[in-house]
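*Asks:* Attaching a single structure in structure tokens format; questions to follow.
The values are calculated or read from the model by the stated rules, or taken from the named source; none is laboratory data. Fair warning: this is a prediction, and the values are worked out from it, not measured in the lab. Neighbour counts run over all protein chains shown; Cβ positions are idealised from the backbone, glycine included.
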Amino acid sequence: MESLLARLPSRSWIAVIRLRSLGDCVLTTPALALLKSHRPDLRVRMVVEPRFAGVFEGHPNVEEISTSVGRHVELVLNLHGGTRSMWMTVTSGAKFRAGFGHHRYSWIYSHRIPRAQQILGEERPVHTAEHLASAMFWLGVPQAEIPRASLYAGRRPSYLPYVVIHPFASAAAKAWPQERFVSVATELQNAGLEPMILAGPVDDAGPFSKFQVFRNAPLAEVKNLMSGAALFIGNDSGPAHIAAAFGVPVVVLFGPSDPVTWAPWRTEARVLTSRGAITDIAVEQVMAAAEALRPAPVKEQQA
């Protein structure tokens, strides 16, 4: 049976809807790479919220970034599945409408994508990158190794060797105590790796005042900063996936989230978990993980 992608005329527009979640947006890029490697003629319009548009800025696999599906779209691929994205899909006027069959109101799709396990032929928990890439395989991309996420930055900072630390999280259960992050940052600074702290607009960065803090920095600036980092340390959050996309070694601390689903994808990493709360993870464990990754600046300073 002819695949859906094979039925699309040359240079057709595809609208890919990916609302919410910085990490989900980053982990969509492997799927886009697979799509464009198979059909480089197709033109991709990423439908994202403005706050996450920077993920796709400058990306060679994305022709347009928009907050709406727009016109003249042959295929709408809904990777989100929420009410708003469903409305965008059903009102798009696209000939083909595809999304995962488990989405609520999936009856609006002309093509319902099965579970990732069925597509991959493996009954096991799958990573988010695998889940999103499986949609491309079902649409007609030949199954292949799923690449690392990819982001594009401008000029790398000219700082001394540095570590990016993101000590905040979207929920208290996902946040390691700030005073422990301060201890880790101080030890790394003493070892020759300058801490750069990422903070959001409402995060209390007061405990990190002796370090350089990037508060509510635009995604373009965050990507630039991350692209030159020797190491990343942080809670399970979107910045960890940005670091992984640049191949930065990552130490990530997990609370209630599932590391199988959300671990850094295809970069050297140490994932720290606890049977209890995230507060059970000790400073010594984080420092041991950082040393195991052996970022070059620390090695050179300690040699």
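*Asks:* Looking only at the stretch 182-203, filter to residues that are in contact (Cβ under 8 Å) with a residue 40 or more places away in the chain and hydrophobic (A, V, I, L, M, F, W, C); which one of those is farthest from Arg51 (Cα to Cα)?
*Replies:* Filtering first and then ranking leaves Ala191.
*Asks:* Among the residues of the stretch 3-37, what is the count of those that are crowded, with 19+ Cβ neighbours inside 10 Å, in contact (Cβ under 8 Å) with a residue 40 or more places away in the chain and within 11 Å of Val141 (Cβ to Cβ)?
*Replies:* 5
*Asks:* Hey, another quick one. Given the criteria surrounded by 21 or more Cβ atoms within 10 Å (Cβ to Cβ), in contact (Cβ under 8 Å) with a residue 60 or more places away in the chain and among the aliphatic types (A, V, I, L, M), does Ala243 qualify?
*Replies:* Against the criterion (surrounded by 21 or more Cβ atoms within 10 Å (Cβ to Cβ), in contact (Cβ under 8 Å) with a residue 60 or more places away in the chain and among the aliphatic types (A, V, I, L, M)), Ala243 qualifies.
*Asks:* Can you tell me which of (1) at negative phi; (2) part of a loop (DSSP other than H, G, I, E, B); (3) surrounded by 14 or more Cβ atoms within 10 Å (Cβ to Cβ) is the one Gly276 doesn't meet?
*Replies:* Every listed condition holds for Gly276 apart from (3).
*Asks:* Among Ser21, Ser10, which is modelled with pLDDT under 95 and among the hydroxyl-bearing types (Ser, Thr, Tyr)?
*Replies:* Testing whether each residue is modelled with pLDDT under 95 and among the hydroxyl-bearing types (Ser, Thr, Tyr) leaves just Ser21.
*Asks:* Let me ask another. Regarding the stretch 67-81, can at least one residue be identified that is β-branched (Val, Ile, Thr), part of a loop (DSSP other than H, G, I, E, B), closer than 21 Å to Pro9 by Cβ and in the same structural domain as Val16 (by TED's automatic domain parsing)?
*Replies:* Within the stretch 67-81 (the criterion being β-branched (Val, Ile, Thr), part of a loop (DSSP other than H, G, I, E, B), closer than 21 Å to Pro9 by Cβ and in the same structural domain as Val16 (by TED's automatic domain parsing)), the answer is yes, since at least one residue qualifies.
*Asks:* Looking at (1) closer than 22 Å to Ala6 by Cα; (2) out of contact with any helix residue (DSSP H, G or I) (no Cβ under 8 Å at 6 or more places or on another chain); (3) not acidic (Asp, Glu), which one does Gly70 not meet, given that it meets all the others?
*Replies:* (1)
*Asks:* Please specify each residue of the stretch 93-133 satisfying the condition of being at pLDDT below 95 and aliphatic (A, V, I, L, M).
*Replies:* Once the filter is applied, which keeps residues that are at pLDDT below 95 and aliphatic (A, V, I, L, M), the stretch 93-133 yields nothing.
*Asks:* I would also like to ask the following. Return a yes/no flag: does the stretch 143-160 have any residue that is within 24 Å of His103 (Cβ to Cβ) and of a type in the set (Asp, Glu).
*Replies:* no
*Asks:* List every residue pair whose Cβ atoms lie under 6 Å apart, where the two residues are 6 or more positions apart in sequence or sit on different chains, the first residue falls within the stretch 254-268 and is closer than 17 Å to Trp176 by Cβ, and the second residue, located anywhere, is exposed (fewer than 15 other Cβ atoms within 10 Å of the Cβ).
*Replies:* Listed pairs, sorted by first residue: Gly255/Ala173; Pro256/Ala173.
Condition check ((1) within 16 Å of the chain's Cα centre (by Cα); (2) part of a helix (DSSP H, G or I); (3) within 15 Å of Leu79 (Cα to Cα)) across all residues:
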| position | (1), (2), (3) |
| --- | --- |
| Arg20 | yes, no, yes |
| Gly23 | yes, yes, yes |
| Leu32 | yes, yes, yes |
| Lys36 | no, yes, no |
| Asp41 | no, no, no |
| Met46 | yes, no, yes |
| Gly54 | yes, yes, no |
| Glu57 | yes, no, no |
| Pro60 | no, no, no |
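*Asks:* Same structure again: Surrounded by 19 or more Cβ atoms within 10 Å (Cβ to Cβ), in contact (Cβ under 8 Å) with a residue 60 or more places away in the chain and small (Gly, Ala, Ser) - does that describe any residue in the stretch 220-227?
*Replies:* yes
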